[in-house]
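Okay, so here's the structure we're looking at.
The values are calculated or read from the model by the stated rules, or taken from the named source; none is laboratory data. All values reported here derive from a predicted model rather than from experimental measurement. Cβ sites come from the backbone with ideal geometry, for glycine too, and all protein chains shown count toward neighbours.
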Amino acid sequence: MYQIIQKSIGGIPLLEIVQEELKDQPIPTVLFYHGWTSHKESVLVHGYELAKRGIRAILPEAYMHGERFDPNHSLNDNTIFWQVVFHNLQEVQMIRDHYLEQNLSDPDRFGISGLSMGGITTSAMLTQFDWIHSAAVLMGNTNPYAFSKWLLHSNWYSGNENIDGLLSQKVKDQLTAVSLSDQPEKINGRPVYFWHGTQDELVPFEQTEQFIQQIKDESYAENISFTIGSGHGHKVPYDISASMAEFFKKSFNL
């Protein structure tokens, strides 16, 4: 039997999925972040696959999404995306601390994962937090500045703002500070699973492939794995949800 528990930690709504017999034990834990314009309920299948393997899955609600949506703001505002990602980075420590204080998580086996914006969040967190044991990046991106340039020149961008103004030196510095592409050595031998579809129209596959080629022969990347979704667009197939969970099971030695 599994439990889906609704919680709020520091004003952040989240769902926790765990096997009933393990719910009060300090077990391996993974935070899984949802994508842009989505909500925590949309990634329940990923949480379920993790829980099936004896892992506590925590699905936070991102800033300006789901229960945290503010009708006074629009997600069409091109400055909001990175605000959401940075909120995730600011909030993750508080969530982890809560589970450690409640003796519900193993501090040495705490992972991060997510899809799309959640995958971008995961990559950024690898540059900031040494306590991350392992991570899975599903159709994410490791280079926030390059991704922003691609996005603003793509068919998806319909704004009238001056692109050079949006990507000022200040913005570039902020994004570079959390860019795994600019500091790949921070992987530091940790297991990291990447999956990306070759026909992804929202987050470019080519940038992920370029990063993997950049690091594949480096010692700090010896535990990296990259699965290519040939012909897949911007959607994670069910079998990849299961593969992601298997990756964490193996990395946690369960």
Exercise. Has the range 30-41 got at least one residue that is without any contact (Cβ under 8 Å) to a residue 60 or more places away in the chain, touching a helix residue (DSSP H, G or I) at 6+ places or on another chain (Cβ under 7 Å) and part of a loop (DSSP other than H, G, I, E, B)?
Worked result: yes
Exercise. Is it fair to say G197 is farther than 28 Å from G231 by Cα and either over 14 Å from the mean Cα position of the chain (by Cα) or modelled with pLDDT under 85 (or both)?
Worked result: no
Exercise. Going by the structure shown, is I112 closer than 23 Å to E246 by Cβ, assigned to a loop (DSSP other than H, G, I, E, B) and under 15 Å from the mean Cα position of the chain (by Cα)?
Worked result: no
For this session: Please list, ordered by first then second residue, the pairs with beta carbon atoms under 9 Å, 6 or more apart or interchain, first in the range 9-29 and free of Cβ contacts under 8 Å to residues at least 40 places away in the same chain, second surrounded by fewer than 20 Cβ atoms within 10 Å (Cβ to Cβ) and assigned to a helix (DSSP H, G or I).
Result: G11/R68; Q19/K52
For this session: Among residues belonging to the range 80-120 that are free of Cβ contacts under 8 Å to residues at least 40 places away in the same chain and among the charged types (D, E, K, R), point out the one that is farthest from K235 (Cα to Cα).
Result: E101
For this session: Identify the single condition in (1) polar (S, T, N, Q); (2) over 17 Å from the mean Cα position of the chain (by Cα); (3) over 18 Å from F129 (Cα atoms) that Q183 does not satisfy, given that it satisfies every other one.
Result: (3)
For this session: Tally the residues that are charged (D, E, K, R), touching a strand residue (DSSP E or B) at 6+ places or on another chain (Cβ under 6 Å) and modelled with pLDDT of 95 or more, restricting the search to the range 26-72.
Result: 3
Exercise. Name the residues in the range 190-209 that are assigned to a helix (DSSP H, G or I) and either in contact with a His (Cβ under 6 Å, 6 or more places away or on another chain) or surrounded by 13 or more Cβ atoms within 10 Å (Cβ to Cβ) (or both), would you?
Worked result: F205, Q207, T208, E209
For this session: Starting from the range 132-145, keep only residues that are under 19 Å from E201 (Cβ atoms) and in contact (Cβ under 8 Å) with a residue 24 or more places away in the chain, then list their pairs with residues that are among the charged types (D, E, K, R) and part of a loop (DSSP other than H, G, I, E, B) whose Cβ atoms are within a distance under 8 Å, requiring at least 6 positions of separation or different chains.
Result: M139/D200; N143/D182
Exercise. Going by the structure shown, is T29 surrounded by 14 or more Cβ atoms within 10 Å (Cβ to Cβ) and at positive phi?
Worked result: no
Exercise. How many of the residues making up the range 191-224 are within 16 Å of G119 (Cβ to Cβ), in contact (Cβ under 8 Å) with a residue 24 or more places away in the chain and not hydrophobic (A, V, I, L, M, F, W, C)?
Worked result: 10
Exercise. So how many residues does the range 185-221 have that are under 24 Å from K250 (Cβ atoms), in contact with a helix residue (DSSP H, G or I) (Cβ under 9 Å, 6 or more places away or on another chain) and charged (D, E, K, R)?
Worked result: 4
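For every residue, the table says whether it meets (1) within 14 Å of the chain's Cα centre (by Cα); (2) among the charged types (D, E, K, R); (3) farther than 24 Å from P28 by Cα.
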position	(1), (2), (3)
E61	yes, yes, no
W82	yes, no, yes
H98	no, no, no
D108	no, yes, no
M117	yes, no, no
I132	yes, no, no
Seminar exercise, completed: Of the residues in the range 210-242 that are polar (S, T, N, Q) and surrounded by fewer than 18 Cβ atoms within 10 Å (Cβ to Cβ), the one that is farthest from the chain's Cα centre (by Cα) is S219
